[in-house]
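Next up is a structure, given as structure tokens.
Derivation of every value follows stated rules applied to the coordinates shown; laboratory data play no part. Here the structure is a predicted model, which means the values were calculated and not measured. Counting neighbours? That spans all protein chains shown, and the Cβs are built from the backbone with ideal geometry, glycine included.
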Amino acid sequence: MVKRLLLLVLAVIIILPTAANAAEFKQGDRTFTLSGGGTSDKNFDSSSVSIEAQFGYFTRNNWELSFRQKMKQDSSEWDFTSRMAADYYLDTVKFRGRLSGMKAFVGASIGYQYDDSLEGDYIAGPEAGLKLFFNETTFATVMIAYNFSFEGTDDADDSFKDGRFDYTFGIGFKF
């Protein structure tokens, strides 16, 4: 399933034209992204599906702070995650040709994961991804993150090894 999604995203990236000049972010730019995704543990033994909305603001050129709200279906339960993220868009990674409208980013997020009773744990982890612009305001995004949950700061070091991978594919708008 994940392999098919990755092949579909790759096909879209190759086939659709891109807007090379639109792939630049500057201070004051804002973004809104709607995404769908999936989660698996590090051994790919269990999985889930999710939808996510993100609002981002560029505090400096290439630095985006964003708020994300996610709903995840895991077996028969719904979980929710509210996170803040900081991402840096890499100027050193230059794509050529059809992919010249693509921007790579790396970052980290931290937040709170909870169920419908509002009980939960903190969640944090590193992330990396790509944004591919189709014109000056519209882009596709692909992101992978490694998230781990913990109850407090004492628990964070031990919990990292028990994390999970989150995959996100979506469409966004720069304004």
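Neighbouring Cβ atoms within 10 Å as the yardstick, rank Trp78, Trp63 fewest first.
On the way: Trp78 11, Trp63 16.
The order, fewest Cβ neighbours first, is Trp78, Trp63.
Determine, for Asp115, Asp87, the number of other Cβ atoms within 10 Å of each Cβ, and report the residues in order from fewest to most.
Values: Asp115 12, Asp87 22.
If I rank by nearby Cβ atoms, fewest first, I get Asp115, Asp87.
State the extension gain, in nm to one decimal, for the chain segment bounded by Ala53 and Asp29, taking 0.36 nm per residue of separation less the distance between their alpha-carbons.
6.9 nm
Please list, in order along the stretch 80-87, the HN-Hα scalar couplings obtained from phi with the Karplus expression 6.51 cos²θ - 1.76 cosθ + 1.60 (θ = phi - 60°), rounded to whole Hz, x for Gly and Pro.
So the Karplus estimates, Gly and Pro as x, are 10, 9, 10, 9, 10, 9, 10, 10 Hz.
May I ask you to derive the FRET efficiency for Thr137 and Ser75 from their Cβ-Cβ distance with R0 = 45 Å, giving the value to the nearest 0.05?
Efficiency at R0 = 45 Å is approximately 0.75.
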